1. Of all residues being of a type in the set (Phe, Trp, Tyr) and touching a residue at least 40 places away in the same chain (Cβ under 8 Å) in the stretch 6-63, which is least open to solvent (accessible area, probe 1.4 Å)? Just the residue, please.
2. Which one is nearest to the ligand (Cβ to nearest atom) among residues in the stretch 117-138 that are over 20 Å from VAL249 (Cβ atoms), open to solvent by less than 20 Å² (accessible area, probe 1.4 Å) and small (Gly, Ala, Ser)?
3. Which residue out of ALA97, ALA103 is under 13 Å from the mean Cα position of the chain (by Cα), small (Gly, Ala, Ser), in a helix (DSSP H, G or I) and closer than 28 Å to GLU233 by Cβ?
4. Which of the numbered conditions does ALA261 fail, given that it passes all the others? Conditions: (1) buried (at least 20 other Cβ atoms within 10 Å of the Cβ); (2) at pLDDT below 95.
5. Of all residues in the stretch 246-258, how many are surrounded by fewer than 24 Cβ atoms within 10 Å (Cβ to Cβ), part of a helix (DSSP H, G or I) and not β-branched (Val, Ile, Thr)?
6. Any residue in the stretch 78-98 that is of a type in the set (S, T, N, Q) sitting within a Cβ distance under 8 Å of a residue that is within 10 Å of the ligand (Cβ to nearest atom) and open to solvent by 20 Å² or more (accessible area, probe 1.4 Å)? List the pairs, counting only those 6 or more apart or interchain.
7. Between GLY50, GLY126, GLY63, which is at pLDDT below 95 and among the small types (Gly, Ala, Ser)?
8. Given the residues ARG208, ARG172, which is the only one that is among the basic types (Lys, Arg), under 24 Å from GLY63 (Cα atoms) and touching a strand residue (DSSP E or B) at 6+ places or on another chain (Cβ under 9 Å)?
Amino acid sequence: MTVVVTGATGRTGGRVASAARAAGLTVRAASRATGFDWRDRSTWAETLRGAEAAYLAFPTDVGSPEATRAVGEISREAVSLGVRRLVLLSARGEERARPTEDALRESGADWTIVQASWFSQNFSEGPLVEELRLSGGLVFPAAEGVREPFIDVRDIADVVVAALTSGDRYVRREIDVTGPRLVAWGEAVAEIAAATGRELAYRAVPTREYREHLVGFGVPGEEADFLVELFEELLDGHNAQLTDGVRQVLGREPRDFAEFAKEAAAAGTWG
Ligand SMILES: NC(=O)c1ccc[n+]([C@@H]2O[C@H](COP(=O)([O-])OP(=O)(O)OC[C@H]3O[C@@H](n4cnc5c(N)ncnc54)[C@H](OP(=O)(O)O)[C@@H]3O)[C@@H](O)[C@H]2O)c1
């Protein structure tokens, strides 16, 4: 099977590509470096043609109106080119992602939707890592009591590949995946501090204050507005539940945040 992996240079796509190769699939990596652009339809057919499956990870956020439009269009185009097996990365407990999921469901594809909790790797790859490295702590709009079942992106990748290689078993199914433990943001930072041997402080701030913080870090105003609204929706505690999605699909427990923190610290991620 040839699978197109979008976001192949990103956090999940990179791992999906590796796991797919390890499972014997042929991977066609897709990102702007390979000439594939989510924002330019004319680049899609060449990437998709001749493949059997695709992993769809829309950049920035699956819950944006842009994502809904692009996922709907690319899914219909994929089906018309014979690329029927589509796996979408979506977000758990994010209501604004539902229209994007619906656009995939309505495309005629053999779809699977993987609804993931917050990634452990948000702390090690992406904007938060610089802040942890340089400022000696983290400011974030998650109150002390709010806990999240952080998931390791390697588990997401393994679930995606299992879905692709299990025949029809996960076709027309949503798979809700979380890590094995609820962890508050402050606890996550404390676990990273313990793993690195550095002192790191966590400070919870109201989302409006966080907007100014983001702008101070150079995030454009419009993007900061989107993120603040998203965080207001996601960080109210409603996602503080574990699921057994990883165990159901892989027959093993998901990786724990502490394991992630130890490995990333040993790799020198936080200096
Ligand atoms: N972070 C979380 O905790 C979380 C949780 C659940 C779901 N999600 C969802 O995860 C998705 C993001 O996936 P990710 O975190 O694996 O990605 P990521 O690490 O943010 O990387 C983005 C990838 O997309 C590519 N890309 C960026 N702009 C592009 C464009 N215009 N056309 C083609 N490719 C482009 C990038 O490569 P190039 O720059 O080389 O093009 C890169 O490979 C979002 O939809 C988000 O809603 C995130």
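1. TYR55
2. Selected residue: SER124.
3. ALA97
4. The number of the failed condition is (2).
5. Total satisfying the criteria: 4.
6. As it stands, the answer is SER90/GLN115, since those pairs meet every condition given.
7. Within the list GLY50, GLY126, GLY63, the selection yields GLY126.
8. ARG172 is the lone residue from the list that is among the basic types (Lys, Arg), under 24 Å from GLY63 (Cα atoms) and touching a strand residue (DSSP E or B) at 6+ places or on another chain (Cβ under 9 Å).
The values are calculated or read from the model by the stated rules, or taken from the named source; none is laboratory data. None of these values were measured; they are calculated from a predicted model. Reconstructed Cβ throughout: ideal geometry from the backbone, glycine too, with neighbour counts over all protein chains shown. With ligands, DNA and RNA removed, areas are computed over all heavy atoms of the protein, side chains included. Shrake-Rupley method; radii C 1.70, N 1.55, O 1.52, S 1.80 Å.
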